[in-house]
Amino acid sequence: MRTRPLKVALLGCGVVGSEVARIMTTHADDLAARIGAPVELAGVAVRRPSKVREGIDPALITTDATALVQRGDIDVVVEVIGGIEPARTLITTAFENGASVVSANKALLAEDGAALHAAAEKYGRDLYYEAAVAGAIPLVRPLRESLAGDKVNRVLGIVNGTTNFILDKMDTSGAGYSEALDEATALGYAEADPTADVEGFDAAAKAAILAGIAFHTRVKIGDVHREGITEVTAADIASARRMGCTVKLLAICERAADGASVTARVHPAMIPLSHPLASVREAYNAVFVEAEAAGQLMFYGPGAGGSPTASAVLGDLVAVCRNKLGEATGPGESAYTRLPVSPMGEVVTRYHISLDVADKPGVLAQVATVFAEQGVSIDTVRQQGKDGEASLVVVTHRAPDAALSGTVEALRKLDTVRGVASIMRVEGE
Ligand code: HSE
């Protein structure tokens, strides 16, 4: 074994960074044996240097992250500060100054992954980011490496633990959205400002990263259709139950049937209780991958938290250190297909629509005509009437999303339709 240690700089020492530092210390011998050289924490860049950080030599702490990545003797930079800047500049500077990078930064990779990969390639460095998607769950490496010889057609998953906790709570207790969010906040699952999670931004970033890797193309967060869970009601969940379904916030990345484009979307959807994703409870994540030769694979586990995310970072650190010792680099960006990303209107899906209508002759026929005019085929209709009013639940067959949303728009204009109580896509069948 080489005795000269590989030097690691840690950018950020919060929930994830402190766990990375702790595991690097407590598992130092195992890591050295697995890598073939010891790894040494050579510097830790933080914003608040006065904070007590147990187990970390205070002499390693600095507020000057730029100077740390410019040192020239750093082998690997671990970036766990998140956000676009200064993370982007620090990573690029690290590449320029001889270091490979392990990052957990989903927002940056989903926004500017191509430029970061290009910089890594230019300087002959590694860029690894297993921790950016679904915490501890091995997903980036299976897609980048294990399935590199296969053709992935679909990735369907629950990639946000906070929203899964909220929806699961609504499902099991009958609670409304606000009540379930309050519980998620009290238990520390939701942040004080839960926007990134509940509005689907976090899941959309992960969907962009997964779609790019799965289909060997470039997908940015702006290409991902995004709807959060704030509009999901207890009535939607109850309606899903009646259909033998539950509601999940899904990230869905698909290759079009003709293979000429891809789509990526994040939105709440009903899935049958028999689908493996329906049994993903609390804050867990799970991702279903459909590949031509492999068939259906499911990856499941904790998608967030300091220790699970640190596990993914450490796995990357070992791989990058081994590459360094072997004077090699691991897989870089694979975006050769250059498949375009189609808009949401072209996605083929199914809708579950609840309408409040007048209960009188001809209303059902009027409603059915709107569906027919938009070329949308109805699968099932359930009606419940009371005092001249009725609630109508229509589930469609598969149709382009544009035709389905056109149908809803036209339904809203009918005098006999008092209101559209809920619209939800149905997936996973
Ligand atoms: N906030 C995310 C979640 C974890 O709830 O899953 C970090 O991406």
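Inside the stretch 1-21, residues that are under 28 Å from residue 106 (Cβ atoms) and outside any strand (DSSP E or B) make up a count of 10. Of the residues making up the stretch 116-130, those that are in contact with a helix residue (DSSP H, G or I) (Cβ under 8 Å, 6 or more places away or on another chain) and in a helix (DSSP H, G or I) number 6. Looking only at residues in the stretch 103-123 that are within 16 Å of the ligand (Cβ to nearest atom) and among the aliphatic types (A, V, I, L, M), the one that is nearest to residue 86 (Cα to Cα) is 108. Determine whether residue 309 is within 16 Å of the ligand (Cβ to nearest atom) and either modelled with pLDDT of 95 or more or outside the structural domain of residue 120 (by TED's automatic domain parsing) (or both). When the stated conditions are applied, residue 309 passes them. Scanning the stretch 86-114 for residues that are in a loop (DSSP other than H, G, I, E, B) and surrounded by 22 or more Cβ atoms within 10 Å (Cβ to Cβ) yields 99, 104, 105. Restricted to the stretch 335-429, the set of strands (runs of 3 or more DSSP E) holding at least 3 residues that are touching a strand residue (DSSP E or B) at 6+ places or on another chain (Cβ under 6 Å), farther than 30 Å from residue 117 by Cβ and polar (S, T, N, Q) comprises 378-386.
For the stretch 187-207, the criterion of being more than 13 Å from the ligand (Cβ to nearest atom) and surrounded by fewer than 24 Cβ atoms within 10 Å (Cβ to Cβ) is met by no residue. Residues that are away from the ligand (no atom under 12 Å from the Cβ), of a type outside the set (A, V, I, L, M) and not in a strand (DSSP E or B) were ranked within the stretch 141-162; the one that is least open to solvent (accessible area, probe 1.4 Å) is 142. When the residues of the stretch 282-296 are filtered to those that are aliphatic (A, V, I, L, M) and surrounded by fewer than 18 Cβ atoms within 10 Å (Cβ to Cβ), the one that is farthest from the ligand (Cβ to nearest atom) is 293.
Listed here are the residues, each with its yes/no results for (1) open to solvent by less than 60 Å² (accessible area, probe 1.4 Å); (2) more than 16 Å from the ligand (Cβ to nearest atom); (3) assigned by TED's automatic domain parsing to the domain that holds residue 19; (4) within 27 Å of the chain's Cα centre (by Cα).
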site	(1), (2), (3), (4)
337	yes, yes, no, yes
366	no, yes, no, no
371	yes, yes, no, no
381	no, yes, no, no
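Residues in the stretch 22-79 that are open to solvent by 70 Å² or more (accessible area, probe 1.4 Å), in contact with a Leu (Cβ under 9 Å, 6 or more places away or on another chain) and part of a loop (DSSP other than H, G, I, E, B): 2 in all.
So is residue 126 more than 12 Å from the ligand (Cβ to nearest atom) and either touching a residue at least 60 places away in the same chain (Cβ under 8 Å) or crowded, with 18+ Cβ neighbours inside 10 Å (or both) or not? So residue 126 fits the description; yes.
When you look at residue 239, is it without any contact (Cβ under 8 Å) to a residue 40 or more places away in the chain and either touching a Cys at 6+ places or on another chain (Cβ under 6 Å) or polar (S, T, N, Q) (or both), yes or no? Here the answer is no, as residue 239 does not meet what is asked. Comparison of 39, 52 shows that the only residue that is touching a residue at least 12 places away in the same chain (Cβ under 8 Å) and out of contact with any Phe, Trp or Tyr (no Cβ under 7 Å at 6 or more places or on another chain) is 39. Among the residues of the stretch 169-178, is there at least one that is of a type outside the set (S, T, N, Q), touching a Lys or Arg at 6+ places or on another chain (Cβ under 8 Å) and over 25 Å from residue 223 (Cβ atoms)? Yes; the residues of the stretch 169-178 include at least one that is of a type outside the set (S, T, N, Q), touching a Lys or Arg at 6+ places or on another chain (Cβ under 8 Å) and over 25 Å from residue 223 (Cβ atoms). Tell me whether the stretch 163-177 contains one or more residues that are open to solvent by 20 Å² or more (accessible area, probe 1.4 Å), within 12 Å of the ligand (Cβ to nearest atom) and either among the β-branched types (Val, Ile, Thr) or not assigned by TED's automatic domain parsing to the domain that holds residue 283 (or both). Within the stretch 163-177 (the criterion being open to solvent by 20 Å² or more (accessible area, probe 1.4 Å), within 12 Å of the ligand (Cβ to nearest atom) and either among the β-branched types (Val, Ile, Thr) or not assigned by TED's automatic domain parsing to the domain that holds residue 283 (or both)), the answer is no, since none of the residues qualifies. The residues in the stretch 223-281 that are part of a helix (DSSP H, G or I), surrounded by fewer than 16 Cβ atoms within 10 Å (Cβ to Cβ) and in contact with a strand residue (DSSP E or B) (Cβ under 7 Å, 6 or more places away or on another chain) can be counted, and the count is 2.
The values are calculated or read from the model by the stated rules, or taken from the named source; none is laboratory data. For clarity, every value in this text was computed on a predicted model and none was experimentally measured. Methodologically, a virtual Cβ is constructed for each residue, glycine included, from the backbone with ideal geometry; neighbour enumeration extends over all protein chains shown. Each accessible area value is taken on the protein alone, full model and side chains, heavy atoms only, with ligands, DNA and RNA left out. Shrake-Rupley method; radii C 1.70, N 1.55, O 1.52, S 1.80 Å.
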